[in-house]
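Novice: This is the structure, below, for whatever I ask next.
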Amino acid sequence: MRTKAYVPYLFLTPALVLFAVFMGYPIIYSFLLSFQTSVGGELTFAGISNYTRLFGDEIFFTALKNTFVIMVTQVPLMLFLGIVLAALLNAVKGLKGVFRVSFFMPAVTSLVAYSIIFSIMLMGDGIINQFLAQVGIGAVPWLSDPIWAKAALILAMTWRWTGYNMVIYLAAMQNISESLYEAASIDGASRIKQFFSITVPQLKPVILFTAILSTIGTLQLFDEPYTLTKGGPSDATLTIGMYLYQTGFRYFDFGYASTLAYVIVVLIAVLSFIQFKVTGDK
Amino acid sequence: MFKVSKLLVLLLGITIAISACGQANEKKGEAGADQKVQLTAWAWNVNVGALNSALELYKKDHPNVDLKVEDIGRLDVYDKLSTGLAAGGAGLPDIVLVEDDRIQGYLDAFPKGFLNLSDKGFDSKADQFPAFKKELASKDGKFYAFPFDAGPTGMFYRRDIFEKAGVNPDTIETWDQFIEAGKTIKQKTGSFALPADKFKDDALFRMMMNEQGVFYFDKDGNIDFNNPKVVKALETIKAMGDAGLVKDVNGWDGTVSATVDGSVATIPFGAWYYGTITDQAKDTSGKWGVFQLPAFEAGGNRAANLGGSSWMIPSSSKNADAAYAFAEYFATTDAVQEIAMDKHGLFPSLQSVYSSKLFTSDVAFFGNQKIWQLFSDEMKNIPTPYYTKDYALGLDEAVKAQADAFNGKNPADALKEAAKRLADRTKRTVNNG
């Protein structure tokens, strides 16, 4: 029997309806919302005023700057650590499973739970400062100094996401043909030389993939600053994601919050495009 | 052609089925006088207990009314409430607790979001509440919130720590004297003078402003950060920090654990903190006392308010009448308010309760001090703080100014910069000091 042409659509309908309601509608509605502003509780069309407001918004630029500072330090650091760990694990013979699980474990803990634990550990008289005092280093104002607060965020994020990237690299490394390494050893290349000349080039597409994922993740960074520092001290750790949230839910400015959301979308698109151009193959 | 129309019919069918479900649900809610009514409420902390206690009393005359109280964290209530209101009232409860400082912001952002209580007849009950509370619960002369608790402030202090340090709390009348006493206490006992969430909250700063009759905004809604009294408050806080008297705590939990473990000698807070102390530090009974906030100059005003909340009914409530009846009973019944205070430490704003025996008796937990009398005497001297609809923005900038001050900036400069940023964000005028 010939399948009637509409039958595939029929099977797709549930998925399409769900997509339309939970993805399509919010995407379109928030886009419309980004051109509206609230006057006396009623949303009215405001043209591009939300977008022009961005250019005079000091706090937006602070948040943008913070997000980028965190991104350009944390993402390379984390990806580098991830590759190194994966290479080490790939060489390890026994207990591979134990190491893999323990490094990956942070990635499956709840975002909020780990942020709270970190905030307790990093408190003025928390365990980390007590330890530092024991070894003779003074207490570090982890959450109260503008620079250290960013460092604390980077520390927490690296702890959580390195293992995740490591597992991806590990999987990719196991697909690199042994014969390449054999040939290199015969030619007398050292382990380090092999790592940079074989492993890293072979991993290129995977590195691109993790770099884009991490970029997207950092641009949407919210949970860590929300629980660790509330964006403070004095906006030093305010990210665009947090500013979006505050604008919408603290200040009830849903129109402007939608504008911020679309700015993040555009940033992600542009950065991903650049990364493709720089590192990707044609 | 035929195929497409068949698909359309199918989709139409689904749509009708979904909307029919929706209607069926809506009908269920409309209950007659004899039918059972199931109300829901969102609240946090000790307020949950107060609601449940009130329900027990209420059920004696209204056996058909039932109330499901959802205990949700304070900030989570606001997030859920904001989301629900923005979604046109979807998923909201019948009764929700809102802090006084947030009411105006909600009413401005969602003018149709809450039940107009004046239309339901609340005006006749309004005179039972103090003026500042009425102002906070209404907009354009109409009530939108049932006044509940208030937060007359005091310094909750540990008698044992003060005694060990040889400091008599009665001698502390000004903040300067408090700082001196704090130094002695720190030296002799190792306890900090008070806790503060230095970089994330500004509770002490707000109390100090309110005490002096100033706030983020003046009564005309202008930004008042440059007012010398505001500057003085922040300078005093910074001076305490510089002297090593402020314990930096992380949020509410940090404050509570500092209270319990005795690492601070005093906690300046609203009267409602009684409930938390008696609940969390049960084994310190008898070791507590209260004195009023120190003044900025000898003989100055020592009355202030921190916190306090009210009940609101989202207009999406399907049981608005039942919810109104219950909330009004809650807000205006002496017995309920007495229980709320006696059992849960929530200080009522219903004035008729102040003359009750409860208010004039000793409190054993507080070393037999008449603390409720102290708080109720304070009520009449509390200046009205002008929260305005931009309170959340003002708070954000005030916290930043405080963080800057703790990180070394001159308080006056920090406030000046905060005022400028706040003016950019709210389009309000800045008063020059």
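Novice: I'd like the distance between the alpha-carbon centres of region A:97-173 and region A:222-282, rounded to an integer number of Å.
Specialist: The distance from the Cα centre of region A:97-173 to that of region A:222-282 comes to 22 Å.
Novice: Can you give the accessible area buried between chains A and B, summed over both chains, with a 1.4 Å probe, in Å² to the nearest 100?
Specialist: It comes to approximately 2600 Å² buried between A and B.
Novice: For chain A, which DSSP H helices look membrane-span-like by this rule: Cα extent along the axis of 24 Å or more and mean Kyte-Doolittle of at least 0.0?
Specialist: Taking the DSSP H segments of chain A (at least 24 Å long, mean hydropathy at least 0.0), we get A:58-91, A:146-173, A:200-219, A:254-279.
Novice: For region A:17-40 and region B:45-119, compute the distance between their C-alpha centroids and round to whole Å.
Specialist: Using only Cα atoms to place each centre, the spacing works out to 27 Å.
Novice: Below 8 Å between Cα atoms, with a sequence gap of 6+, how large is the relative contact order for region B:300-360 in percent?
Specialist: Averaging sequence separation for qualifying contacts and normalising by length gives 19 percent for region B:300-360.
Novice: Could you work out the equivalent-ellipsoid semi-axes for the protein assembly as shown, taking the square root of 5 times each eigenvalue of the Cα gyration tensor, largest first, in whole Å?
Specialist: Listed largest to smallest, the semi-axes of the protein assembly as shown are 48, 38, 25 Å.
Novice: Under 17 Å from the Cα of B:K183, which lysines turn up, not counting those fewer than eight places away in the same chain?
Specialist: B:K164, B:K238, B:K247
Novice: For B:Y386, enumerate residues with amide H under 5 Å from its amide H, sequence gap 5+ or separate chain, H modeled in the peptide plane.
Specialist: For B:Y386, whose amide H was placed from the backbone, the distant partners under 5 Å are B:F217.
Novice: Starting at the first residue of region B:57-66, write each ³J(HN,Hα) from the Karplus equation 6.51 cos²θ - 1.76 cosθ + 1.60 with θ = phi - 60°, in whole Hz, x for Gly and Pro.
Specialist: Values, residue by residue: 5, 5, 5, 4, 9, 10, x, 7, 8, 10 Hz.
Novice: Let's see if you can work this out: charge +1 on each Lys and Arg Cβ, -1 on each Asp and Glu Cβ, no other charges. What is the dipole magnitude of region B:229-352 about its Cα centre, in debye to the nearest 20?
Specialist: Using Cβ point charges on Lys, Arg, Asp and Glu, region B:229-352 gives about 260 debye.
Novice: Something else: Could you work out [θ]222 nm for chain B from helices alone, using -39500 (n - 2.57) per DSSP H run of at least four and dividing by all its residues? Round to the nearest 500 deg cm²/dmol.
Specialist: -15000 deg cm²/dmol
Novice: Return one whole number: the accessible area per residue of region B:185-261 in Å², for a 1.4 Å probe.
Specialist: 34 Å²
Novice: Apply the Karplus parameterisation 6.51 cos²θ - 1.76 cosθ + 1.60, with θ equal to phi minus 60°, to every residue of region B:311-316 and state each ³J(HN,Hα) to the nearest whole Hz, in sequence, with x for glycine and proline.
Specialist: Per-residue couplings from phi come out as 9, 10, 10, x, 5, 6 Hz.
Novice: Cross-link partners among lysines for B:K120, C-alpha distance below 24 Å, same-chain residues fewer than 8 apart left out?
Specialist: Within reach: B:K27, B:K28, B:K36, B:K59, B:K60, B:K68, B:K112, B:K133, B:K134, B:K139, B:K142, B:K318.
Novice: Within the accessible area of region B:191-305, what % is carbon and sulfur when the probe is 1.4 Å and the other protein chains stay in place?
Specialist: Here it works out to 45 percent.
Novice: Springs between alpha-carbon atoms under 10 Å, Gaussian network over chain B: tell me which of B:S317, B:S361, B:S349 tops the mean-square fluctuations.
Specialist: Highest fluctuation of the listed residues: B:S361.
Novice: First check a/c for region B:41-163, with a ≥ b ≥ c the square roots of the eigenvalues of its C-alpha gyration tensor; if it is under 1.5, answer rounded, and if not, answer prolate when a/b is larger than b/c or oblate otherwise.
Specialist: Cα axes put region B:41-163 in the rounded bin.
Novice: Tell me, how many Å apart are the Cα centres for region B:132-168 and for region B:360-433?
Specialist: So the two Cα centres are separated by 13 Å.
Novice: If each DSSP helix of 4+ residues adds -39,500 (n - 2.57) and the sum is divided by the residues in chain A, what number results at 222 nm, nearest 500 deg cm²/dmol?
Specialist: My calculation for chain A gives -22500 deg cm²/dmol from helical runs alone.
Novice: On alpha-carbon atoms, Rg over Rh for region A:153-270 using Kirkwood Rh?
Specialist: That ratio equals 1.19.
Novice: If you don't mind, another one. Let a ≥ b ≥ c be the square roots of the eigenvalues of the Cα gyration tensor of region A:47-158; is it rounded (a/c under 1.5), or, if not, prolate (a/b larger than b/c) or oblate?
Specialist: Oblate.
Novice: May I pose another question? Rounded to a whole number of µm²/s, how large is the Stokes-Einstein D of region B:95-187 at 10 °C and 1.306 mPa s, given Rh as the Kirkwood radius over C-alpha pairs?
Specialist: Roughly 96 µm²/s, to the nearest whole number.
Novice: For region B:416-433, in order, what is each residue's ³J(HN,Hα) by Karplus, 6.51 cos²θ - 1.76 cosθ + 1.60 with θ = phi - 60°, in whole Hz (x at glycine and Pro)?
Specialist: So the Karplus estimates, Gly and Pro as x, are 4, 5, 4, 4, 5, 4, 5, 5, 4, 7, 10, 6, 9, 7, 9, 6, 8, x Hz.
Novice: Here's a follow-up. Sticking to Cα atoms, compute the Rg of chain A to one decimal and its Dmax as the biggest Cα-Cα distance, whole number, in Å.
Specialist: 23.4, 82
Novice: Also, quick follow-up: Just to confirm the number: angle between the C-alpha axis of helix B:320-332 and the first principal axis of chain B, 0 to 90 degrees, nearest 10?
Specialist: The answer is roughly 20 degrees.
Novice: Test of understanding: in a Gaussian network model of chain A with alpha carbons linked when under 10 Å, which of A:R160, A:R53, A:R100 would top the mean-square fluctuation ranking?
Specialist: Its mean-square fluctuation being the largest, the pick is A:R53.
The values are calculated or read from the model by the stated rules, or taken from the named source; none is laboratory data. Source: prediction; values computed, not measured. No Cβ is skipped: glycine too gets one built from the backbone with ideal geometry, and neighbour counts run over all protein chains shown. When the accessible area is computed, the model is the full protein with side chains, heavy atoms only, and any ligands, DNA or RNA have been set aside. Shrake-Rupley method; radii C 1.70, N 1.55, O 1.52, S 1.80 Å.
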